[in-house]
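The values are calculated or read from the model by the stated rules, or taken from the named source; none is laboratory data. Computed from a predicted model, the values in this text were never measured in an experiment. Heads up, the Cβs are rebuilt from the backbone with ideal geometry, glycines too, and the neighbour counts pull from every protein chain shown.
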Amino acid sequence: MRLSATKIPGVFHIEIEPLGDERGFFARTYCFETLRKARAEFGPIRQMSISSNPHRGTLRGLHYQAREKPEGKIVRAIQGRIFDVVVDLLRNSPTYRAWQHTELDAGANNAVLVPPGCAHGFLTLDDDCIVEYTMDADFDAALARGCRWNDPTFGIQWPFAPKLIGERDRAWPDFAP
């Protein structure tokens, strides 16, 4: 697998390096040593989850876990395509409150590493999207936090207006540093 650094420190794009033959291909999707060599802050794996999103235009996020128990995650579309967003919430970061997006596509088998201290969300670009999360911390509902998807503090330029947003995600307050 190949890692590419992004404008937000600690966020990496992950691309597979498929080895193919007449049967198809084989590719590594996670490698502790590759992450370690890139100084990517992630691991060990604590949980894996998926979200099923039947409708194009479904928005999830922006989520993060409080500083007492922050989590890093690797996010991958395993069916369909998503407009994936990461927001830097680390106060001492040179990119504090900056956002970036990646189109995650099951056909490309790409992923993004979201380090602790960043918020994450996505908008489905296709019907029937399934998104896989690999996390390095246990989920703690008491520490679950979020930012509103359209908070003017970040100015995220989504490709189109969401059609379906959960109640909790609609109700996040304005970001307060």
request  = Could you grab the pairs with beta carbons closer than 6 Å, sequence gap of 6+ or different chains, first residue in segment 135-153 and under 15 Å from Arg168 (Cβ atoms), second one aromatic (Phe, Trp, Tyr) and surrounded by 15 or more Cβ atoms within 10 Å (Cβ to Cβ)?
outcome  = Arg145/Tyr64; Gly146/Trp172; Cys147/Trp172; Cys147/Phe175; Arg148/Trp172; Asp151/Phe175
Subset tally (residues that are in a strand (DSSP E or B) and among the polar types (S, T, N, Q)) for segment 106-159 = 2
Conditions (1) touching an Asp or Glu at 6+ places or on another chain (Cβ under 8 Å); (2) modelled with pLDDT of 95 or more: number failed by Ile14 = (1)
task = Could you tell me whether any residue of segment 12-34 is assigned to a strand (DSSP E or B), more than 20 Å from His101 (Cα to Cα) and within 17 Å of the chain's Cα centre (by Cα)?
result = no
request  = Report yes if some residue within segment 35-46 is at pLDDT below 95 and among the acidic types (Asp, Glu); otherwise report no.
outcome  = yes
inquiry  = Cβ-Cβ under 8 Å, sequence separation 6+ or interchain: first residue in segment 158-177 and modelled with pLDDT under 95, partner loosely packed, with under 10 Cβ neighbours inside 10 Å and assigned to a loop (DSSP other than H, G, I, E, B). Which pairs?
reply    = Asp174/Pro152; Pro177/Arg91
task = Kindly provide the set of residues from segment 59-75 that are under 16 Å from Phe12 (Cα atoms) and either surrounded by fewer than 19 Cβ atoms within 10 Å (Cβ to Cβ) or in contact (Cβ under 8 Å) with a residue 60 or more places away in the chain (or both), ordered by number.
result = Glu71, Gly72, Lys73, Ile74
query = Is it the case that Gly80 is touching a Cys at 6+ places or on another chain (Cβ under 9 Å), over 29 Å from Ala161 (Cβ atoms) and surrounded by 13 or more Cβ atoms within 10 Å (Cβ to Cβ)?
reply = no
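Yes or no, residue by residue, for (1) among the aromatic types (Phe, Trp, Tyr); (2) assigned to a loop (DSSP other than H, G, I, E, B); (3) in contact with a strand residue (DSSP E or B) (Cβ under 9 Å, 6 or more places away or on another chain):
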| residue | (1), (2), (3) |
| --- | --- |
| Arg36 | no, no, no |
| Ile45 | no, yes, yes |
| Arg60 | no, no, yes |
| Pro70 | no, yes, yes |
Enumeration of residues in segment 81-100 that are under 15 Å from the mean Cα position of the chain (by Cα) and either without any contact (Cβ under 8 Å) to a residue 24 or more places away in the chain or farther than 21 Å from Phe154 by Cα (or both) = Arg81
